[in-house]
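S.K.: The structure follows.
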Amino acid sequence: FDFCQAEGKKRPSENLGQVLFGERIEPSPYRFTFNKKETCKSVCTKTYDTTKPEDKQKLDFLKKSMLLNYQHHWIVDNMPVTWCYDVEDGQRFCNPGFPIGCYITEDGRPKDACVINSEFHEKDTFYIFNHVDIKIYYHVVENEALGARLVAAKLEPKSYKHTHPDNPDCSGVPMDISNKANGEVKIAYTYSVSFEEEKSIRWASRWDYILESMPHTHIQWFSIMNSLVIVLFLSGMVAMIMLRTLHKDIARYNQMDSTEDAQEEFGWKLVHGDIFRPPRKGMLLSVFLGSGTQILIMTFVTLFFACLGFLSPANRGALMTCAVVLWVLLGTPAGYVAARFYKSFGGEKWKTNVLLTSFLCPGIVFADFFIMNLILWGEGSSAAIPFGTLVAILALWFCISVPLTFIGAYFGFKKNAIEHPVRTNQIPRQIPEQSFYTKPLPGIIMGGILPFGCIFIQLFFILNSIWSHQMYYMFGFLFLVFIILVITCSEATILLCYFHLCAEDYHWQWRSFLTSGFTAVYFLIYAIHYFFSKLQITGTASTILYFGYTMIMVLIFFLFTG
């Protein structure tokens with residue numbers, strides 16, 4: 001964007017999670033000394049001569065970013081510098097970023113941040129926020145001789161056309177850049193900083209002021225209640241079926257004399273000779289089950305730690321780092337589960353099974369990620385992952401995850417196959433004509449609705465935190481929703497499975513995986529809706545990136561729910 005650059009300062013080092021999420025921290029040219037007040041200090045002056053093509057290009061880029069409401073994100077002592085302003089109902093909203101500038105349309109309508117100042121009134125003009133008033137609040141530590149700790153940093157963006165850029169006075173008219181301006185445009189960047197003691201904020205709770213301005217907690221409770229009602233309803237149905245129907249069935253079977261009434265069997269009792277027939281494509285199913293187990297345990301442990309507060313937004317990138325490391329270390333359960341199921345499906349090609357478990361799903365995710373990275377490299381984005389990090393991820397995968405998967409598979413294949421309580425008949429039964437709702441497709445489509453209903457409000461906030469740079473801090477809620485989701489998926493699947501077994505359709509393995517896995521398809525539809533209704537993304541590269549990353553999330557979610 002051609003703002004002021006800091007000379008010769010080293011970049012702070014980042015952890016794996018930050019690099020993967022493209023959160024790069026750059027050193028800043030704004031220099032403060034503690035408790036030293038500065039007013040209207042100059043940082044640098046940029047001059048654009050619109051007759052030169054490269055200067056015109058830079059200025060046009062700056063205008064485009066103001067039009068699209070791009071934001072600065074600044075950090076002081078690991079705290080986001082926030083811009084707090086009044087919204088309706090007398091509430092204050094604290095935004096952890098502030099806009100580069102704003103635009104007044106040709107018919108004189110102020111867009112985005114231009115509403116804050118009545119002096120912004122020229123038509124078809126950009127106003128750049130080239131001055132900031134920063135206020136840093138600190139808390140003096142009483143009992144130790146440490147001095148003071150910063151507890152908050154707030155700023156007010158201002159726009160001034162400095163008449164003498166060399167000794168600016170920070171007063172006068174705003175810095176306007178007319179859309180049709182020719183000749184020379186001078187932008188002088190300045191800042192003022194003041195320090196204020198704030199006794200009431202504890203250092204430990206210094207993040208709270210950002211949370212206060214985030215509405216939505218009441219929506220959360222509402223959605224949790226909503227999900228709990230679904231869970232109770234489903235649990236009731238499952239319990240009723242288990243108790244009433246099975247109890248009745250079993251009582252009836254026990255009463256019968258085994259000889260005379262045996263031919264009058266009905267319902268699920270009829271398919272006992274076929275129920276453990278190995279499914280078609282058993283190899284793929286066992287691989288999916290292995291990868292799904294890996295993701296399930298990873299999600300559970302990550303969310304559990306996040307709930308205990310180890311992975312708060314204050315540790316930047318901690319959540320992603322934790323998830324990646326856990327995923328790498330959980331190769332063993334993946335290999336074990338895949339091997340056990342593959343063996344019980346009567347599979348012989350154990351080498352193929354282990355290789356597919358270690359490479360199929362991670363390979364798809366990595367390939368997708370790599371293509372996204374190529375696009376970012378091509379666009380020259382700062383979010384692109386450096387080559388070294390890609391090599392590090394590959395090393396984690398090949399040198400830790402794959403051997404662990406092999407160890408798990410070794411133990412899985414060494415154990416005896418899962419013993420089936422009934423023998424499988426030689427000749428497969430014919431499946432009778434199915435009614436509409438026990439056919440595979442309608443059943444699978446119905447199965448995904450309930451679990452999705454539990455999570456879709458949380459999804460909105462998670463997508464916001466990924467794409468709209470809002471803080472996500474509601475891990476307690478998320479953990480609850482996670483547990484509810486696991487229960488709902490299982491119960492919806494049990495219900496639908498019982499129905500189609502009663503209709504004498506014994507192909508249950510893939511159907512039970514896909515019934516709850518179909519939630520991921522609803523997730524995808526929701527993500528597409530979110531893209532068109534909430535995000536103003538223009539440009540092919542950005543669109544491809546959005547859908548590329550969404551596909552990674554959908555795949556992980558599919559394996560997890562399945």
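S.K.: Got at least one residue in segment 304-327 being open to solvent by less than 30 Å² (accessible area, probe 1.4 Å) and polar (S, T, N, Q)?
M.R.: no
S.K.: Can you tell me how many residues within segment 29-74 are without any contact (Cβ under 8 Å) to a residue 40 or more places away in the chain, over 35 Å from the mean Cα position of the chain (by Cα) and farther than 21 Å from TYR191 by Cα?
M.R.: Final tally of qualifying residues: 5.
S.K.: From ASP77, ASP107, ASP112, ASP89, grab the single residue that is of a type in the set (D, E, K, R), within 30 Å of GLU197 (Cα to Cα) and touching a residue at least 12 places away in the same chain (Cβ under 8 Å). Before you say what the answer is, go through the steps one by one.
M.R.: On the way: ASP107 fails: within 30 Å of GLU197 (Cα to Cα); ASP112 fails: within 30 Å of GLU197 (Cα to Cα); ASP89 fails: touching a residue at least 12 places away in the same chain (Cβ under 8 Å).
ASP77 is the lone residue from the list that is of a type in the set (D, E, K, R), within 30 Å of GLU197 (Cα to Cα) and touching a residue at least 12 places away in the same chain (Cβ under 8 Å).
S.K.: Between a residue in segment 500-521 that is under 15 Å from LEU270 (Cα atoms) and any residue that is hydrophobic (A, V, I, L, M, F, W, C) and open to solvent by less than 50 Å² (accessible area, probe 1.4 Å), which pairs come within a Cβ distance under 6 Å, given they are 6 or more apart or on different chains?
M.R.: Correct list of pairs: GLU504/LEU270; GLU504/VAL271; TYR506/VAL271; TYR506/ILE275; TRP508/CYS497.
S.K.: Please verify whether segment 34-44 includes one or more residues that are open to solvent by less than 60 Å² (accessible area, probe 1.4 Å), touching a Leu at 6+ places or on another chain (Cβ under 8 Å) and either modelled with pLDDT of 85 or more or more than 30 Å from GLY388 (Cα to Cα) (or both).
M.R.: Initially, segment 34-44 is screened for residues open to solvent by less than 60 Å² (accessible area, probe 1.4 Å), giving 38, 40, 42-44.
Those left that are additionally touching a Leu at 6+ places or on another chain (Cβ under 8 Å): none.
The answer is no; no qualifying residue exists.
S.K.: Quick one: ILE25 ticks every box in (1) β-branched (Val, Ile, Thr); (2) in contact with a strand residue (DSSP E or B) (Cβ under 8 Å, 6 or more places away or on another chain); (3) assigned by the TED database to the domain that holds PRO168 except a single one, so which number is it?
M.R.: Of everything listed in (1) β-branched (Val, Ile, Thr); (2) in contact with a strand residue (DSSP E or B) (Cβ under 8 Å, 6 or more places away or on another chain); (3) assigned by the TED database to the domain that holds PRO168, ILE25 misses just condition (3).
S.K.: Moving on to the next point. Suppose the filter is touching a Leu at 6+ places or on another chain (Cβ under 7 Å) and of a type in the set (S, T, N, Q); does THR515 pass it? Write out each step before concluding.
M.R.: On the way: touching a Leu at 6+ places or on another chain (Cβ under 7 Å): yes; of a type in the set (S, T, N, Q): yes.
It is true that THR515 is touching a Leu at 6+ places or on another chain (Cβ under 7 Å) and of a type in the set (S, T, N, Q).
S.K.: Part of a helix (DSSP H, G or I), in contact (Cβ under 8 Å) with a residue 40 or more places away in the chain and open to solvent by less than 30 Å² (accessible area, probe 1.4 Å), is that true of GLY476? If you could, list the steps in order and put the result at the bottom.
M.R.: On the way: part of a helix (DSSP H, G or I): yes; in contact (Cβ under 8 Å) with a residue 40 or more places away in the chain: yes; open to solvent by less than 30 Å² (accessible area, probe 1.4 Å): no.
Against the criterion (part of a helix (DSSP H, G or I), in contact (Cβ under 8 Å) with a residue 40 or more places away in the chain and open to solvent by less than 30 Å² (accessible area, probe 1.4 Å)), GLY476 does not qualify.
S.K.: Tally time: how many residues in segment 429-458 are outside any loop (DSSP other than H, G, I, E, B) and over 17 Å from VAL521 (Cβ atoms)? Give the derivation first.
M.R.: Taking segment 429-458 first, the residues outside any loop (DSSP other than H, G, I, E, B) are 436-438, 440-458.
Then keep just the ones that are over 17 Å from VAL521 (Cβ atoms); that gives 436-438, 457-458.
Number of matching residues: 5.
S.K.: Return the only residue of PRO442, PRO386, PRO451 being open to solvent by 50 Å² or more (accessible area, probe 1.4 Å) and modelled with pLDDT of 85 or more. Walk me through how you get there before you give the answer.
M.R.: Numbers: PRO442 fails: open to solvent by 50 Å² or more (accessible area, probe 1.4 Å); PRO451 fails: open to solvent by 50 Å² or more (accessible area, probe 1.4 Å).
Of the residues listed, the single one that is open to solvent by 50 Å² or more (accessible area, probe 1.4 Å) and modelled with pLDDT of 85 or more is PRO386.
S.K.: Moving to a separate point now. Can you tell which of ILE544, ILE525, ILE552, ILE537 is assigned by the TED database to the domain that holds ILE457, at pLDDT below 90 and surrounded by fewer than 18 Cβ atoms within 10 Å (Cβ to Cβ)? Step through it out loud before you land on a result.
M.R.: Working: ILE544 fails: at pLDDT below 90; ILE525 fails: at pLDDT below 90; ILE552 fails: at pLDDT below 90.
Just one listed residue meets the conditions, ILE537.
S.K.: Within segment 162-183, is there a residue that is over 30 Å from VAL481 (Cα atoms), open to solvent by 40 Å² or more (accessible area, probe 1.4 Å) and touching an Asp or Glu at 6+ places or on another chain (Cβ under 6 Å)? So that I can check it myself, show each step before the final result.
M.R.: Filtering segment 162-183 down to residues over 30 Å from VAL481 (Cα atoms) leaves 162-183.
Next, from what is left, pick out any that are open to solvent by 40 Å² or more (accessible area, probe 1.4 Å): 163-164, 166-167, 169, 171-173, 176, 178-180, 182.
Pick out the ones that are also touching an Asp or Glu at 6+ places or on another chain (Cβ under 6 Å) and you get 176, 179.
Yes; the residues of segment 162-183 include at least one that is over 30 Å from VAL481 (Cα atoms), open to solvent by 40 Å² or more (accessible area, probe 1.4 Å) and touching an Asp or Glu at 6+ places or on another chain (Cβ under 6 Å).
S.K.: From the list TYR137, TYR127, pick out the single residue that is open to solvent by 30 Å² or more (accessible area, probe 1.4 Å), touching a residue at least 40 places away in the same chain (Cβ under 8 Å) and of a type outside the set (A, V, I, L, M). Give the derivation first.
M.R.: Details: TYR127 fails: open to solvent by 30 Å² or more (accessible area, probe 1.4 Å).
TYR137 is the lone residue from the list that is open to solvent by 30 Å² or more (accessible area, probe 1.4 Å), touching a residue at least 40 places away in the same chain (Cβ under 8 Å) and of a type outside the set (A, V, I, L, M).
S.K.: Moving on to the next point. Only one residue in GLN5, GLN18 is outside the structural domain of LEU59 (by the TED database), in contact with a Gly (Cβ under 6 Å, 6 or more places away or on another chain) and either open to solvent by 100 Å² or more (accessible area, probe 1.4 Å) or at pLDDT below 90 (or both). Which one? Walk me through how you get there before you give the answer.
M.R.: Values: GLN5 fails: in contact with a Gly (Cβ under 6 Å, 6 or more places away or on another chain).
Only one candidate passes the filter, namely GLN18.
S.K.: Identify all residues within segment 479-506 that are over 28 Å from GLN434 (Cβ atoms), open to solvent by 30 Å² or more (accessible area, probe 1.4 Å) and in contact with a Leu (Cβ under 6 Å, 6 or more places away or on another chain); write none if there are none.
M.R.: PHE479
The values are calculated or read from the model by the stated rules, or taken from the named source; none is laboratory data. Keep in mind that what you see is a predicted model, and the values were worked out from it rather than measured. Backbone-built Cβ (ideal geometry, glycine too); neighbour counts: all protein chains shown. Please note that ligands, DNA and RNA were not included when accessible areas were found on the heavy atoms of the full protein model with its side chains. Shrake-Rupley method; radii C 1.70, N 1.55, O 1.52, S 1.80 Å.
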